[in-house]
Amino acid sequence: MGYILWVFGFMGAHRFYYGRPITGTLYFFTLGLFLIGWIVDLFLIPGMDRSADRSYVSGATDYTVAWILLTFLGVFGLHRFYMGKWVTGILYLLTGGVLLLGVIYDYWTLNRQISEKNAALFRS
């Protein structure tokens with residue numbers, strides 16, 4: 001999934017996916033550090049993947065599915081419905097992802113949201 005998002009990486013998608021929202025935002029506003037950082041990241045993805053695997057709890061809610069839904073259908077809130085957040089999913093659906101601000105928030109926090117949801121299932 002990381003390499004697929006890397007194709008859109010000049011917009012920072014793969015950086016957000018691997019839990020690096022600050023550099024994801026930087027890439028978004030600089031087109032992947034003027035495409036130079038984007039090319040370098042082709043070789044850094046395996047390390048970012050290992051780091052993300054250690055940082056986030058896997059479980060019933062799949063990161064890849066949630067990220068695909070956020071990346072391509074985030075303004076409709078489908079990633080929120082997938083995570084069981086029905087109220088905010090409906091809110092996103094009716095407001096275009098709360099005028100895109102909610103979508104940006106989810107780019108910053110989606111991995112943490114999923115990790116917390118998966119960890120809560122283990123505690124139950």
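In 5 Å bins starting at 0, how do the alpha-carbon pair distances of the chain split up by percent?
2, 12, 21, 22, 19, 14, 7, 2, 0, 0
Express the C-alpha Rg of segment 2-55 as a ratio against the empirical globular expectation 2.2 N^0.38 Å, rounded to two decimals.
Working: Rg = 9.8 Å, N = 54, 2.2 N^0.38 = 10.0 Å.
Ratio of Cα Rg to 2.2 N^0.38 Å: 0.98.
Grab the DSSP H runs of the chain that are 4 residues or longer, score each as -39,500 (n - 2.57), total them, divide by all residues and round the 222 nm result to the nearest 500 deg cm²/dmol.
Numbers: 8 runs with 98 residues, N = 124.
Estimated from H runs of four or more residues: -24500 deg cm²/dmol.
Hey, for a label at Thr30 modelled as a point 7 Å past Cα toward Cβ, could you say which residues of segment 1-18 have their backbone N under 20 Å away?
Those under the cut-off are 6-18.
Per residue of segment 13-21, what does 6.51 cos²θ - 1.76 cosθ + 1.60 with θ = phi - 60° give for ³J(HN,Hα)? Whole Hz please, x for Gly and Pro, Karplus curve as stated.
Taking θ as phi minus 60°, the curve returns 4, 5, 5, 4, 4, 8, x, 10, x Hz for segment 13-21.
Stretch Val7-Val65 to full length: gain in nm at 0.36 nm per residue minus the Cα-Cα span? Walk me through the intermediate numbers first.
Numbers: separation 58, 0.36 × 58 = 20.88 nm, distance 1.74 nm.
Going from the current span to full extension adds 19.1 nm.
Once you put a point 7 Å from the Cα of Val40 and another 7 Å from the Cα of Ala120, both along the Cβ direction, what distance in nm separates them?
Modelled inter-label distance: 3.8 nm.
How big is segment 63-123 by Rg and Dmax over its Cα atoms, in Å?
Spelled out, the Cα radius of gyration and Dmax of segment 63-123 are 10.9, 35 Å.
For the chain, find the longest principal axis of its Cα atoms and tell me its angle to the long axis of helix 101-123, 0 to 90°, nearest 10.
60
What does the net charge come to around Met48 if you take all other residues with beta carbon closer than 14 Å to its beta carbon, with K and R at +1 and D and E at -1?
Numbers: positive: Arg15, Arg20, Arg50, Arg54; negative: Asp41, Asp49, Asp53.
Charge balance in the 14 Å sphere: +1.
Report the charge-dipole magnitude of the chain in Debye, nearest 20, computed about the Cα centre from +1 at each Lys and Arg Cβ and -1 at each Asp and Glu Cβ. Provide the component values of the computation, followed by the final result.
Values: 9 positive and 6 negative charges, 51 e Å.
Here the chain has a charge dipole of around 240 debye.
Cβ neighbours within 10 Å, averaged per peptide: list 12-21, 93-102, 77-86 in order, most packed at the top.
Going by the mean number of other Cβ atoms within 10 Å, highest first, we get 12-21, 77-86, 93-102.
Every number here is computed from the coordinates shown, using simple stated rules; none is lab data. Because the structure is predicted, anything quoted here is derived from the model rather than measured. No Cβ is skipped: glycine too gets one built from the backbone with ideal geometry, and neighbour counts run over all protein chains shown.
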